[in-house]
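First comes the structure, then the notes that go with it.
Every number in this text was worked out from the coordinates using simple rules, so none of it is lab data. Note that the structure is predicted; figures quoted are calculated from it, not measured. Cβ coordinates were reconstructed from backbone atoms using ideal geometry, including for glycine residues, and neighbour counts include every protein chain displayed.
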Amino acid sequence: MRLVFRGSIAAVGIVIAVLTLSPRVGAQQGNGGAAQSGSQALRTPWGDPDLQGIWNTQTRTPFQKLRPGEKPPENEEEGPPLGAPGNTPVIRDTLGQPTYHRQTGNGPEHWYEFGQAVETGRESLVIDPPDGRIPPFTPEAEQKRKAFDVSMAGIPKDEPRPGEWLETADPWMRCITRGLPGMFHPTGYNLNFMITQGPGWVAILSEMIHETRIIPLDGRPALPSNVRQWLGDSRGRWEGDTLVVETTNIDRRLHGLWQERDWYGTPNAKITERFRRVDANTIDFRYTIDDPTQYTRPWTVAIPMRTNNAPDRIMEYACHEGNHSIANVLSGARSRDKKGTPAKKAATTKTAGTR
């Protein structure tokens, strides 16, 4: 499992300190704290803007905007109906196959918490570029993506590659991480986050995979570039009432958008998150991915964090315990490899648009 200071007693002490120094968080977990009066932001006892509470990011807004003339998916092989939480309309790989196709990591229907989803009033969560679409890949990234799609032709994208083991399976399926910024993306369940604060620190606990990000605000330098972590190395600062978090040093094995498969860690990647509390029940959360190795331009996503559709506590997420999908997927993959995969046949399919 992943923590910034994995296995460190210091990390435990920091979490305890942050919780101890947050006297109001217990009262705010259920309702996000008292309402703001006018434009005056809520403040912690030490004067920082108060983001504390339990927040939910479930929404029915699709990740990307439909292209002109593009239809939403209409069957299980192309994904859930347009508007279902976390759905991106008909994302296809470079071989023209829907990336949602036959995902083995999907849970049973009774897991899903669609009733918590809220509307954003927008056509997509991607707000920049203005067309609401992920920008094009660079030629280098396009070549890498094409090679991946060819190697996985006809195979669910969260399974290991043909002949390989867990290292090439999706980190979420392995109960390691949902990745950053993918942990905030609407899926179907467990989209709850507890934010606690202390002087010089902010901690963000994700209910999914029970990951805790401990973000220093004291201006310390980033880790050396050769030290890479699943969720990268985050440093925060306040710009007025907005918490700005910049993250670098992302592990190259990370697929941080999961359902898009359009994001992996590179040496040049930087994620900039912005958290601004706009009222008692809402945080305006958005992030920008700036990665010239992969994309032709930076791009930005906005996801509302709401507390009026969040629970009053964070539940244990026991992912590794009883994770039968690992054994089942590996067993199926070995059987698939013995029989031969449809990869060679599918790899000859005429290339379609990547997105």
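Once the stretch 291-330 is represented by equal point scatterers at the alpha-carbon sites, with solvent omitted, what log10 I(q)/I(0) does the Debye formula produce at q = 0.14, 0.34, 0.35 Å⁻¹?
So the normalised log intensities work out to -0.80, -1.17, -1.16.
Using the Karplus equation 6.51 cos²θ - 1.76 cosθ + 1.60 (θ = phi - 60°), what ³J(HN,Hα) coupling, rounded to whole Hz, does each residue of the stretch 171-186 give in order, writing x for Gly and Pro?
x, 5, 4, 7, 6, 8, 6, 8, x, 10, x, x, 4, 8, 6, x
Around E211, which amide H atoms from residues at least 5 apart in sequence, or from another chain, sit under 5 Å from its own amide H, with H modelled in the peptide plane?
Placed amide hydrogens put S206 under 5 Å from E211.
For each of D170, D312, count neighbouring Cβ atoms within 10 Å of the residue's Cβ, then give the residues from fewest to most.
Taking fewest neighbouring Cβ atoms as first place, the list is D312, D170.
Can you list which of the GluC sites (Glu not before Pro) found in the stretch 188-241 are DSSP loop residues with at most 15 other C-beta atoms within 10 Å?
Filter output for the stretch 188-241: empty list.
Would you mind computing, in nm to one decimal, how far apart the modelled labels at N328 and T296 are, each placed 7 Å from Cα along Cα→Cβ?
Distance between label points: 4.1 nm.
How about the stretch 136-214: which chymotrypsin sites (Phe, Trp or Tyr not before Pro) there are in a DSSP loop, with at most 15 other Cβ atoms within 10 Å of their Cβ? Before the final figure, lay out the partial values.
On the way: sites: F137, F148, W165, W172, F184, Y189, F193, W201; in loops: W165, W172, Y189.
The qualifying sites are W165.
Per-residue HN-Hα couplings for the stretch 284-289, Karplus 6.51 cos²θ - 1.76 cosθ + 1.60 at θ = phi - 60°, whole Hz, x for Gly and Pro?
Values per residue, Gly and Pro as x: 7, 10, 8, 9, 10, 9 Hz.
Under 5 Å between amide hydrogens, which residues at least 5 positions from N281 or on another chain qualify, with H placed 1.01 Å from N in the peptide plane?
The answer is none.
Given points 7 Å out from each Cα along the Cα-Cβ axis, report the E239 to R313 separation in nanometres with one decimal.
Those two pseudo-labels are separated by 3.8 nm.
Using modelled amide H (1.01 Å from N, peptide plane; none on Pro or chain starts), what sits under 5 Å from the amide H of W299, excluding residues fewer than 5 places away?
Placed amide hydrogens put I289 under 5 Å from W299.
For a quick check: sort M305, M315, M208 by the number of other beta carbons within 10 angstrom, fewest at the front.
So the residues, fewest neighbours to most, are M315, M208, M305.
Would you kindly derive the ³J(HN,Hα) couplings of the stretch 212-224 from the backbone phi angles with the Karplus curve 6.51 cos²θ - 1.76 cosθ + 1.60 (θ = phi - 60°), listing them in order in whole Hz, with x for Gly and Pro?
With the stated coefficients, the stretch 212-224 comes to 10, 9, 10, 10, x, 10, 9, x, 4, x, 5, 5, x Hz.
In whole Å, what are the extents of the stretch 163-317 along the principal axes defined by its C-alpha atoms, from largest to smallest?
For the stretch 163-317, the Cα extents along the three principal axes come out at 51, 33, 27 Å.
Quote to one decimal, in nm, the extra length available between E321 and E140 on full extension: 0.36 nm per residue of separation minus the C-alpha distance between them. Before the final figure, lay out the partial values.
Numbers: separation 181, 0.36 × 181 = 65.16 nm, distance 3.91 nm.
Stretched fully, the E321-E140 segment lengthens by 61.3 nm.
Rounded to the nearest 0.05, what FRET efficiency do W46 and A222 have when you use their Cβ-Cβ distance and R0 = 35 Å?
Taking R0 as 35 Å, the efficiency between W46 and A222 is 0.90.
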